[in-house]
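J.: I'd like to ask you about the structure that follows.
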Amino acid sequence: MSYQKALELARSGMKPMDIAAYLGVKVIFLPLKALKGIAMSLGTHKIIQIDEGLTEIETQLVCGHELGHFLFHTEANFMFIMEKTQFYPKQEYQANLFACQLVLGEKAGEYKTQLKEAASSRSLKEMVDTLSCIACEEGEGYGA
């Protein structure tokens, strides 16, 4: 699966959880403490663990973020540790931007600046707030 194919699926209306299922990525919900999500590869199996206490939009963003790691950063397992670390590498920004693009789907191109700002914020809340504002402008809702 390529980055472009994932974006095509998002533009067609698929959300990150649907894309994960389409790709054969197993998603498990657990009571994670300080983490929002974890992406792991075990041999040929890809697994995403997501904190079970997240809202629907947060779940979609975390799933999209972890899918981004699978597509962009195949050399390692990554943890989605937002707001808990001073270390914010390029990989986290890329995964955040990808997650926002997947959740927003076909409208992502219209909001590039806002999505880049949200992705660089290091805050899941900031990403949710940005997407919620965009949804309001579009007359939609994300159930944040």
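J.: Which condition does Ile28 not pass, out of (1) surrounded by 13 or more Cβ atoms within 10 Å (Cβ to Cβ); (2) more than 11 Å from the chain's Cα centre (by Cα); (3) aliphatic (A, V, I, L, M); (4) modelled with pLDDT of 95 or more, if it passes all the others?
T.: Checking Ile28 against (1) surrounded by 13 or more Cβ atoms within 10 Å (Cβ to Cβ); (2) more than 11 Å from the chain's Cα centre (by Cα); (3) aliphatic (A, V, I, L, M); (4) modelled with pLDDT of 95 or more, the one that fails is (1).
J.: Kindly provide the set of residues from the range 1-22 that are out of contact with any strand residue (DSSP E or B) (no Cβ under 7 Å at 6 or more places or on another chain), modelled with pLDDT of 90 or more and in a helix (DSSP H, G or I), ordered by number.
T.: Hits for the range 1-22 are Pro16, Asp18, Ile19, Ala21, Tyr22.
J.: Taking the residues in the range 1-25 that are basic (Lys, Arg) and surrounded by 15 or more Cβ atoms within 10 Å (Cβ to Cβ) as candidates, determine which candidate is nearest to the chain's Cα centre (by Cα).
T.: So, considering only residues that are basic (Lys, Arg) and surrounded by 15 or more Cβ atoms within 10 Å (Cβ to Cβ), the one nearest to the chain's Cα centre (by Cα) is Lys15.
J.: Of the conditions (1) in contact with a Leu (Cβ under 8 Å, 6 or more places away or on another chain); (2) part of a helix (DSSP H, G or I); (3) at pLDDT below 95, Ile38 fails just one. Which one is it?
T.: Ile38 satisfies every listed condition except (2).
Results for (1) over 15 Å from Ala6 (Cα atoms); (2) at pLDDT below 80; (3) buried (at least 23 other Cβ atoms within 10 Å of the Cβ), shown as yes or no for each residue.
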{"residue": "Glu66", "(1), (2), (3)": "no, no, yes"}
{"residue": "Leu71", "(1), (2), (3)": "no, no, no"}
{"residue": "Phe80", "(1), (2), (3)": "yes, yes, yes"}
{"residue": "Gln91", "(1), (2), (3)": "yes, no, no"}
{"residue": "Cys100", "(1), (2), (3)": "no, no, yes"}
{"residue": "Gly109", "(1), (2), (3)": "no, no, no"}
{"residue": "Lys112", "(1), (2), (3)": "yes, no, no"}
{"residue": "Lys116", "(1), (2), (3)": "yes, no, no"}
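J.: Any residue in the range 93-117 that is hydroxyl-bearing (Ser, Thr, Tyr) sitting within a Cβ distance under 9 Å of a residue that is in a helix (DSSP H, G or I) and surrounded by fewer than 20 Cβ atoms within 10 Å (Cβ to Cβ)? List the pairs, counting only those 6 or more apart or interchain.
T.: Tyr93/Lys116; Tyr93/Ser120; Tyr111/Glu137
The values are calculated or read from the model by the stated rules, or taken from the named source; none is laboratory data. These figures come from a predicted structure and were not determined experimentally. Ideal geometry is used to build each Cβ from the backbone, glycine not excepted, and the neighbour counts take in all protein chains shown.
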